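I have placed the structure first, in the form of structure tokens, so that the comments after it can refer back to it.
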Amino acid sequence: MSPKFLSPIPKSILLSFIAVIILGTVIRLVAISVPLYGDELATVSIWGSMPLLDIPSHYEYPNNHIFHTLVVATIFKIFGLDPFLLRTPVLICGIGSIALAFFTTHRITRNFHAGLAVSLLIAINGGHIFYSTNARGYMLILLIGQYIFHRLIVWIDESKVSLRGTKEFFNLKELSVLAGLMMIGTWTMPTFIFFEGSLGLFFLISIVLSKPSRWLDPSSQYFKNLTVIMICLLGLYVQYFILISPEMFKLGLSNAAQSELRSFPIAVLNSWIQPIESSGIFSIILVVMGFYTLFRINRTTFILVVCLLVFPPAITYLASLSGLFAITPHARVFFYLQPIFILCSVIGVLGIFNQLRNKLGKLAVKIVMGLILTLITIMSGKELLQVTWPDRFSYPRLDLVT
């Protein structure tokens, strides 16, 4: 975007942003070289030891996050069993997620402090720390989803404030990149199809809300993206129904981790707000306020966020409740939506801040918000010291993969 639409980052904000990145990195580097454990070890010992060309056709267990496994297997074959190197891809994704959250939030709110708050909350979040240091595919699909969301936000923002056209967006090159990223997402975890479906819903709604004369216009940006999603669904079919035999895919589904249907919504929420699970109701209120604020800021952004954040877990719950899904997927498959949830929460706080500052005074509201952030930081630090790091240091030593 032209500089006249985005103000330069003040030095104090830039230094604070760098401090948040350093904090998030240091937290994640603690004990990152401990032995592989659980599904990490299974990834290397079962599939990582296979020839690379054999990995895409094996799905005995759904914890084979195929694309991520290919990355880990390549590292393993070149450098051997080095826990730090095997976890480096997800570490990079985690740090990238912290940084990207700042820019996405600022694009939406034009508020640097809101961007810092979102980045800080992600940096100290227990779940995000865990998946940034666990050699599995969760953080990879989180960053993919977050990047696609960011590009859509930039496009919506440009379309709103720029006097020029937006033809440079979603050209063949960028559409190819987005298609490739979404295919990588489903090739890592097939449940990433819910993200693609929520994007499809957004583009479909956008087409319906546009002029009827453009509903079937192939040059429409919405139509182009909807076509890309259809291509990605075809890619999903090839990935899991041609490269993998039906019998093996069925076996993989039978071994999938599940959630109890009645606790599924709470489990998804808790995975997003760890370690402040006791404040679930308060978090939901903030997100609703965030929706309201987004509706006032930009309705297209509002529709996008609601589709991405609400549709995947909601349709999963309803499909499981109706018996359409034989099993209820584990709540962690929707962890990739956490940055959007935190963003909505902070935007909700920003909306409340704007409502109250005239009554209580700007300084008083800033103090209250600062205290809330401090409290969350203390709670996160307590979890790190009492749960996350002790658990990581307790991993049993296993220097040989068998």
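Out of curiosity, is Arg151 on the phi > 0 side of the Ramachandran plot, modelled with pLDDT of 90 or more and basic (Lys, Arg)? Explain how you work it out, then say what you get.
On the way: on the phi > 0 side of the Ramachandran plot: no; modelled with pLDDT of 90 or more: yes; basic (Lys, Arg): yes.
No: the conditions fail for Arg151.
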Exercise for review: Those residues that are within 24 Å of the chain's Cα centre (by Cα) and under 19 Å from Ile129 (Cβ atoms), I need them from the range 32-64; list them, please.
Suggested key: Ile32, Leu36, Tyr37, Gly38, Asp39, Glu40
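Being at pLDDT below 95, part of a helix (DSSP H, G or I) and either surrounded by fewer than 19 Cβ atoms within 10 Å (Cβ to Cβ) or polar (S, T, N, Q) (or both) narrows it down to one residue among Leu163, Leu175; which is it?
Numbers: Leu163 fails: part of a helix (DSSP H, G or I).
Residue meeting the stated conditions: Leu175.
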Check your understanding: Within the range 316-334, can one find any residue that is out of contact with any strand residue (DSSP E or B) (no Cβ under 8 Å at 6 or more places or on another chain), at pLDDT below 80, more than 20 Å from His106 (Cβ to Cβ) and part of a helix (DSSP H, G or I)?
Key -> no
Practice item. Scan the range 275-304 and report the pairs whose first residue is in contact (Cβ under 8 Å) with a residue 24 or more places away in the chain and whose second residue is part of a helix (DSSP H, G or I) and among the basic types (Lys, Arg), with Cβ atoms within less than 7 Å and a gap of 6+ or a chain change. Key: Asn298/Lys160
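Can you tell me which residue in the range 361-377 is modelled with the highest pLDDT, limited to those that are farther than 24 Å from Ser279 by Cα and not small (Gly, Ala, Ser)?
Leu363
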Revision key, fill the gap. Contact list, first residue from the range 86-107 and at positive phi and surrounded by fewer than 21 Cβ atoms within 10 Å (Cβ to Cβ), second anywhere and modelled with pLDDT of 95 or more and part of a helix (DSSP H, G or I), beta-carbon distance below 7 Å, six or more apart or interchain, is none
Revision key, fill the gap. Reported set for the range 184-214 where residues are free of Cβ contacts under 8 Å to residues at least 60 places away in the same chain, touching a helix residue (DSSP H, G or I) at 6+ places or on another chain (Cβ under 6 Å), of a type in the set (A, V, I, L, M, F, W, C) and surrounded by fewer than 22 Cβ atoms within 10 Å (Cβ to Cβ) is Ile193, Ile207
Review point. Has the range 32-40 got any residue that is over 30 Å from Phe249 (Cα atoms), modelled with pLDDT of 95 or more and of a type in the set (A, V, I, L, M)?
Key: no
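Does Ile207 qualify as being assigned to a helix (DSSP H, G or I), within 24 Å of the chain's Cα centre (by Cα) and not small (Gly, Ala, Ser)? Spell out the reasoning first.
Values: assigned to a helix (DSSP H, G or I): yes; within 24 Å of the chain's Cα centre (by Cα): no; not small (Gly, Ala, Ser): yes.
Taking the combined requirement at face value, the residue does not satisfy it.
Test Thr388 against the stated conditions and say whether it is under 30 Å from Pro83 (Cβ atoms), surrounded by fewer than 18 Cβ atoms within 10 Å (Cβ to Cβ), at pLDDT below 80 and touching a helix residue (DSSP H, G or I) at 6+ places or on another chain (Cβ under 9 Å).
Answer is no for this residue.
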Point to revise | Hey, Thr74 among the polar types (S, T, N, Q), modelled with pLDDT of 95 or more and over 26 Å from Asn298 (Cβ atoms) or not | key: yes
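The values are calculated or read from the model by the stated rules, or taken from the named source; none is laboratory data. For clarity, every value in this text was computed on a predicted model and none was experimentally measured. Every residue, glycine as well, gets a Cβ built from its backbone with ideal geometry; the counts of neighbours run over all protein chains shown.
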